[in-house]
Amino acid sequence: VNSTKNNPMTGVALPAWVSILWRWRSAIEWRTYFVRICFLTLMALINTIFSILDWIFFARVIARAAIHKRPVFVLGHPRTGTTLLHNLLSQDDVQFFFCSTFQAGFPHGFGCLNSISWMFSGVIDSTR
């Protein structure tokens, strides 16, 4: 009930989090999940702040980034070799780009957060 490690909502931004809480307010067991809700609200606030900082510092770099016209997505059911394929493709950093577990977990501010990702080791594992 109070677990916060590897929560898929850890990377949510504040507007989306408030929207979820508002939409499901009558279905949420507030007393049972109070600690988790407070934690995710704090994380949403942090994500939103760093998202704004990313926009300020990295917007031009992101806008200039070249995106391949034929991207490759690795999708599949568990235990079918998707992690192996992902790991093999990630060895070729000339033709392929991949995000780290941290970048996937914190999509709103990983530009600024990447250098201090070690601070989030208690929140998200370093590998999938």
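Annotation note: Cβ proximity below 7 Å between a residue of segment 1-14 that is over 11 Å from S51 (Cα atoms) and open to solvent by 70 Å² or more (accessible area, probe 1.4 Å) and a residue that is at pLDDT 80 or above and of a type in the set (S, T, Y) (sequence gap 6+ or interchain) occurs for V1/T32; V1/Y33.
Report yes if R60 is part of a helix (DSSP H, G or I), basic (K, R) and either at positive phi or more than 13 Å from the chain's Cα centre (by Cα) (or both), otherwise no. Taking the combined requirement at face value, the residue satisfies it. Output yes when any residue across segment 3-16 is more than 21 Å from V123 (Cα to Cα) and in a loop (DSSP other than H, G, I, E, B), and no when none is. No, segment 3-16 contains no residue that is more than 21 Å from V123 (Cα to Cα) and in a loop (DSSP other than H, G, I, E, B). Selection of first residues in segment 86-109 that are assigned to a helix (DSSP H, G or I) and of second residues that are of a type in the set (A, V, I, L, M), restricted to Cβ pairs under 6 Å at least 6 apart or on distinct chains, gives the following pairs, ordered by first then second residue: H86/V74; G105/I124. Apart from one condition, V61 fits all of (1) exposed (fewer than 13 other Cβ atoms within 10 Å of the Cβ); (2) out of contact with any Gly (no Cβ under 9 Å at 6 or more places or on another chain); the exception is (2).
Quick check on S51: is it among the polar types (S, T, N, Q) and assigned to a helix (DSSP H, G or I)? Walk me through it before giving the result.
Numbers: among the polar types (S, T, N, Q): yes; assigned to a helix (DSSP H, G or I): yes.
For S51, the condition - among the polar types (S, T, N, Q) and assigned to a helix (DSSP H, G or I) - is met.
When we screen G109, G122 for residues that are surrounded by 15 or more Cβ atoms within 10 Å (Cβ to Cβ), closer than 30 Å to P15 by Cβ and in contact with a Ser or Thr (Cβ under 9 Å, 6 or more places away or on another chain), the only hit is G109. With respect to the conditions (1) farther than 23 Å from I20 by Cβ; (2) under 16 Å from the mean Cα position of the chain (by Cα), P78 lacks only one, and its number is (2).
Only one of the numbered conditions (1) open to solvent by less than 100 Å² (accessible area, probe 1.4 Å); (2) of a type in the set (D, E, K, R); (3) more than 26 Å from M119 (Cα to Cα) is not met by D54, and that is (3).
Could you say whether any residue in segment 25-46 is within 16 Å of L113 (Cβ to Cβ), open to solvent by less than 40 Å² (accessible area, probe 1.4 Å) and assigned to a helix (DSSP H, G or I)? Outline the logic, then answer.
Step one: of segment 25-46, the residues within 16 Å of L113 (Cβ to Cβ) are 42-46.
From what is left, the residues that are open to solvent by less than 40 Å² (accessible area, probe 1.4 Å) are 43-44.
Pick out the ones that are also assigned to a helix (DSSP H, G or I) and you get 43-44.
Scanning segment 25-46, I find at least one residue that is within 16 Å of L113 (Cβ to Cβ), open to solvent by less than 40 Å² (accessible area, probe 1.4 Å) and assigned to a helix (DSSP H, G or I), so the answer is yes.
The values are calculated or read from the model by the stated rules, or taken from the named source; none is laboratory data. Not measured: the values here are computed from a predicted model. With ideal geometry, Cβ positions are generated from the backbone for all residues, glycine too; neighbour counts draw on all protein chains shown. Heavy atoms of the whole protein, side chains included, go into the accessibility calculation; ligands, DNA and RNA do not. Shrake-Rupley method; radii C 1.70, N 1.55, O 1.52, S 1.80 Å.
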